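Read the structure below first, then the notes.
Please treat every number below as a calculation from the coordinates, not as lab data. As the structure is a computational prediction, the values presented were derived from the model and not from experiment. Ideal geometry is used to build each Cβ from the backbone, glycine not excepted, and the neighbour counts take in all protein chains shown.
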Amino acid sequence: MKLTASNETDRATYKVADAARVAGTGEVAIRKGIAAGKIPHIKFGRNILIPKAAFHRWLDSCGETAQPPANGHLGITT
């Protein structure tokens, strides 16, 4: 079955290329995140599916725990 615009939006998962497009990055970065266990995913044999809801929660949580360095410098020089 070929996916069309109407049934593609009905899917509950992204393929790696779709997730890369949504995140604004490349497929390699998504695959590295999956391999490191950082990006939620489901493997079916060689296929990798990324649940949309979990992926968006993960994206929303990125950077929330980032703290400035203890010395107060943000690495910006003038």
| Spin-label point model (7 Å from Cα, Cβ direction): what's the K15 to A53 distance in nm? | 2.4 nm
| message | Sorting check: for 12-19, 50-57, which peptide has the highest mean count of neighbouring beta carbons within 10 Å, and how do the rest follow? | response | 12-19, 50-57
